[in-house]
């Protein structure tokens, strides 16, 4: 037979205190005005009787759920096959566990109102949230921050001073495009990772624009296509670029997932990579090094982004008042096989 669970009343009787005192001590409620001797006695009895307060009791006592949320802006059919997500979520989960928190994952569908995730806050389901892939038109997140609710962005929003953890998307894109320019390419096109409503998409487009301007190459709007986080959008976008009267000799694709679709389309059209068209991606997902030809891409430290976002958020929740609330991690160009020298100008 299983042993009956020790109750709070048993601990209180054994320690000679009230049940309320036991709850205050074991849930570490501040300003309870309980003497050190009483605290020590209650903890010793609880340890000896093997009593542990349940999660609901801890939440009631502390006013905290010990839960943080990751709000992810993707449609469900893209969310669960997004190769960027596992590393990010692993980093968040491992950091949360270290600090005694749980993680609630909340995808936000494309057709949902921007503020649909606010229910997590209003319903007191979480102590704070990480918003991945912020949109420029999302005013709800700025309102939450103004109310004092702990929020950390995975990404950045122009004009909003919200704590964030991200890479320098502008510089990462510039590095990718400059590499192709150094190889001799002058007809460099771009496929974005997503709609320009997303901050990262605009920033990577800005980096592309700056690299061209630095080389004295005019920006051609006709050579820019929008991706949509997935392979299908890359497949369609690259075919449109290949149908132009003047084809680009190189394409910067601001997402490896989008680049996968583009490479498939080029293979079907018998366009050789990198001999006829050079490709550089962004993210360095696991599959990038296993496809043929292996994808040259900008490495993004997904685990580090997740860990950093969770740790920063928990410090804010615990009122640690971190000095630096805008964390930037480095990217790195990983040179593989899809980008070769070109004599075309």
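Brief remarks on what is shown
- Cβ crowding within 10 Å, taken as a proxy for footprinting-reagent exposure, orders 291, 314 from fewest neighbours to most as 291, 314.
- Folded to 0 to 90 degrees: helix 256-268 orientation relative to the chain principal axis, Cα: 30 degrees
- A Förster radius of 25 Å combined with the Cβ-Cβ distance from residue 206 to residue 236 puts the calculated FRET efficiency at roughly 0.60.
- Helix 169-182 axis versus longest C-alpha principal axis of the chain: approximately 30°, rounded to the nearest ten.
- Gaussian network model of the chain, springs between alpha carbon atoms under 10 Å - residue of 23, 195, 93 with greatest fluctuation: 23
- Estimated [θ] at 222 nm from DSSP helical runs (n ≥ 4, -39500 (n - 2.57)) normalised by residues in the chain, nearest 500: -12000 deg cm²/dmol
- For the chain, the longest principal axis of the alpha carbon atoms and the long axis of helix 302-317 meet at an angle near 40°.
- Listed candidates [x] 87, 47, 34; [y] 58, 52, 51; [z] 49, 42, 41 - label of the one calculated as Cα extents along the principal axes in Å: [x]
A short reminder: the numbers here are calculations on the coordinates, not readings from a lab. Here the structure is a predicted model, which is why all the values come from computation and not from measurement. FYI the Cβ positions are ideal-geometry reconstructions off the backbone, even for glycines, and counts take in every protein chain you see.
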